[in-house]
Amino acid sequence: MRIDNFFAELKRRNVYKVAVAYIVGGWALAQGLAQVLPVFSIPNWVIQLLVVIIVMGLRIALGLAWAFELTPEGIKRTETADAMPEATRRKKYIWIYVVVIGGLLSIGLFFLGRYSAAPAQHAAVDTSVKSIAVLLFENLSDDKQNTYFADGVQDQILTNLGRVSDLRVISHTTVRQYKSGEPRNLREIGKQLGVTHILEGSVQRAGDRLRIAAQLIDARTDSQVWAETYDFTAADLFAIQSELAESIVAQLQAKLSAEQKAWIEERPAQDSVAFELYLRAKQIVDSYLIADDVRAALLSALESLDQARKRDPDFVSAYCYIARANSLLYFFDLDPTPDRIRLAEAAAKAALRLRPDSAEAHFAMADFLFRCRRDYDGALKELAIARPGLPNDTAFFILSGYINRRRNNWAQAERDFFTAVRLDPRNPNAYNLLADTYNLQRRHLLAARVYDRVLATGERTPIVFFRKDSAIFNGTGNSRELREVLANNPDMDIGGAQTL
């Protein structure tokens, strides 16, 4: 067959028309599916499989177009249909109808996916999951400088509870935004954070004597479930914190493995002064995102950690935070020198040498490998070892998600960032990373839903509204809300996107 006759035959058999109709309809359908299916939590691999099937179907459609023709009498083989008078082919332009109908259908699915994502007013409270938020404890000491100590007591109790895999424990960044000493609507906080229970309390310190009062509240009914007051000396602080955490676990009827019980009961430091120095530094490092001068804050934390290390040479947690602070200084170009790499690596190795089975030490090594060595494979191996011991650690899931995203493992990155947001819903690092992961995949309306959830937790900073409205603009072209937030906040700094 001559080449010109071949192309003429393609035209006569409507192969061109079918190809155009299929490509337009298939493309539009794929776009619609990509918008709708994520709303129903359909995994990415299912969406990708459907797109592959649509692409593969083009070859089948072209083969059928070559072999068959649609006539008033039904589907006929092309040779049979050729014998019919031209006038009987009343459906000559049926391919146009296919394109129009397919386009309208996909457009409908497209907008359904966009506008069916109405935000919930609060995070859903899953009563089948044992969940708790440990709010900041009130400082009742005469010396108001002891506020950091009260915060440290709360932090250690939260850390102990966070080791229990059968619990979902809201992380530090979020709970710190509910200040102590102020009226709290615990039922509303429970709805905002999606938890069933809330622990609050107070700390009073007078010389060597301590008093901790704590109460467990059912946030669904605003009723007290359990309460206890502990009077003891400073030497018994760690034992009391462990006892309190185990009492909460029992009240929530959560499963506690022997290994998790040992972690909770382990004494974090041998020297109480070293522990207080560590608490000061830990609060600084954990909140570096909001520091006015990040470099100065991290250097100050390192001074306290170095003092703690000298007083207690076997203080594993202190070494872990020394590694993290040095890694942050290097990673953010605040002091990108070989000395920072050396100090971070030495501290992480010291922690592992002291406690080879420490999840915290393996996380510190993963953090170092990622920030200072760009060794993603090595970092993921360390995270795999650390994971069982850090079931409620937001920093763990943020680091894991960031590495997976850099390796183009988008599905796992989404799961990691989503978990981080569930554990720490008002942590800007967590929710920005999740939203940006959706934006990078052009799933802008899902990114907007992330910020709807943040707003439902009570967050009202203008940058959250800006990022939400930017996602809506990118997804729909509607700029009205974006223009309003910019007009109402002319001095807003919109340069910050995410940190790690």
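The residue list Leu161, Leu216 contains one member that is aliphatic (A, V, I, L, M), closer than 26 Å to Asn429 by Cβ, touching a helix residue (DSSP H, G or I) at 6+ places or on another chain (Cβ under 8 Å) and crowded, with 18+ Cβ neighbours inside 10 Å, which is Leu161.
For region 336-343, the condition holds for at least one residue, the condition being that it is surrounded by fewer than 19 Cβ atoms within 10 Å (Cβ to Cβ), in contact (Cβ under 8 Å) with a residue 12 or more places away in the chain and assigned to a helix (DSSP H, G or I). Across region 257-275, the number of residues qualifying as more than 10 Å from Asn160 (Cβ to Cβ) and either among the β-branched types (Val, Ile, Thr) or buried (at least 18 other Cβ atoms within 10 Å of the Cβ) (or both) comes to 4. Of the candidates Gln192, Gln283, Gln260, Gln215, the single residue that is polar (S, T, N, Q), out of contact with any Pro (no Cβ under 6 Å at 6 or more places or on another chain) and assigned to a strand (DSSP E or B) is Gln215. Looking across region 439-477 at every residue that is touching a residue at least 40 places away in the same chain (Cβ under 8 Å) and basic (Lys, Arg), the one that is nearest to Pro428 (Cα to Cα) is identified as Arg453.
Do you know which residues across region 244-256 are in contact (Cβ under 8 Å) with a residue 60 or more places away in the chain and small (Gly, Ala, Ser)? Hits for region 244-256 are Ala245, Ala254. Within region 305-328, the residues that satisfy the criterion of being without any contact (Cβ under 8 Å) to a residue 40 or more places away in the chain and either farther than 17 Å from Ala344 by Cα or surrounded by fewer than 24 Cβ atoms within 10 Å (Cβ to Cβ) (or both) are Asp306, Gln307, Arg309, Lys310, Pro313.
Answer yes or no as to whether Arg460 is modelled with pLDDT under 95, outside any helix (DSSP H, G or I) and on the phi > 0 side of the Ramachandran plot. No. Considering the conditions (1) out of contact with any Ser or Thr (no Cβ under 8 Å at 6 or more places or on another chain); (2) under 25 Å from Asn429 (Cα atoms), Gly207 is excluded by exactly one of them, (2).
Within region 164-174, count every residue that is over 23 Å from Leu210 (Cβ atoms), surrounded by 21 or more Cβ atoms within 10 Å (Cβ to Cβ) and not hydrophobic (A, V, I, L, M, F, W, C). Give the derivation first.
The first filter runs over region 164-174 and keeps only residues over 23 Å from Leu210 (Cβ atoms), leaving 164-171, 173-174.
Those left that are additionally surrounded by 21 or more Cβ atoms within 10 Å (Cβ to Cβ): 164, 167-171, 173-174.
After this cut, where a residue has to be not hydrophobic (A, V, I, L, M, F, W, C) as well, the list is 168, 171, 173-174.
Number of matching residues: 4.
Count of region 344-381 residues, restricted to those that are in a helix (DSSP H, G or I) and among the hydroxyl-bearing types (Ser, Thr, Tyr), is 1. The residue list Leu302, Leu298 contains one member that is hydrophobic (A, V, I, L, M, F, W, C) and either touching a Leu at 6+ places or on another chain (Cβ under 8 Å) or not in a helix (DSSP H, G or I) (or both), which is Leu298.
Checked against (1) surrounded by fewer than 20 Cβ atoms within 10 Å (Cβ to Cβ); (2) in contact with a Gly (Cβ under 7 Å, 6 or more places away or on another chain), Gln177 passes all but a single condition, namely (2).
Please verify whether Thr499 is in contact with a helix residue (DSSP H, G or I) (Cβ under 9 Å, 6 or more places away or on another chain) and modelled with pLDDT under 95, treating the condition exactly as stated. For Thr499, the condition - in contact with a helix residue (DSSP H, G or I) (Cβ under 9 Å, 6 or more places away or on another chain) and modelled with pLDDT under 95 - is met. Scanning region 144-162 for residues that are touching a residue at least 24 places away in the same chain (Cβ under 8 Å) and closer than 17 Å to Leu277 by Cβ returns Asn146, Tyr148, Phe149, Ala150, Asp151, Gly152, Val153, Asp155, Gln156. When Arg449, Arg415 are checked against the criterion of being assigned to a helix (DSSP H, G or I), under 10 Å from the mean Cα position of the chain (by Cα) and among the basic types (Lys, Arg), Arg415 stands alone in meeting it.
Just one of the listed residues (Pro490, Pro425) is out of contact with any Lys or Arg (no Cβ under 9 Å at 6 or more places or on another chain) and not in a helix (DSSP H, G or I), and it is Pro490. Of the residues making up region 237-252, those that are over 27 Å from the mean Cα position of the chain (by Cα) and more than 15 Å from Phe149 (Cβ to Cβ) number 8. For region 166-205, taking the residues that are closer than 23 Å to Leu390 by Cβ and of a type in the set (Lys, Arg), the one that is modelled with the lowest pLDDT is identified as Arg176. Scanning region 411-429 for residues that are in contact (Cβ under 8 Å) with a residue 60 or more places away in the chain and within 19 Å of Gly458 (Cβ to Cβ) turns up Arg422, Leu423, Asp424, Pro425, Arg426, Asn427, Pro428, Asn429. Among the conditions (1) modelled with pLDDT of 95 or more; (2) under 30 Å from Tyr288 (Cβ atoms); (3) not acidic (Asp, Glu), Ser223 misses just one, which is (2).
For region 383-415, what are the residues that are closer than 18 Å to Ala325 by Cβ and surrounded by 23 or more Cβ atoms within 10 Å (Cβ to Cβ)? Those that are closer than 18 Å to Ala325 by Cβ and surrounded by 23 or more Cβ atoms within 10 Å (Cβ to Cβ): Asp393, Thr394, Phe396, Ile398, Leu399.
The values are calculated or read from the model by the stated rules, or taken from the named source; none is laboratory data. Quick caveat: nothing in here was measured; it's all calculated off a predicted structure. Here Cβ is always computed from backbone atoms with ideal geometry, including for glycine, and neighbour counts include all displayed protein chains.
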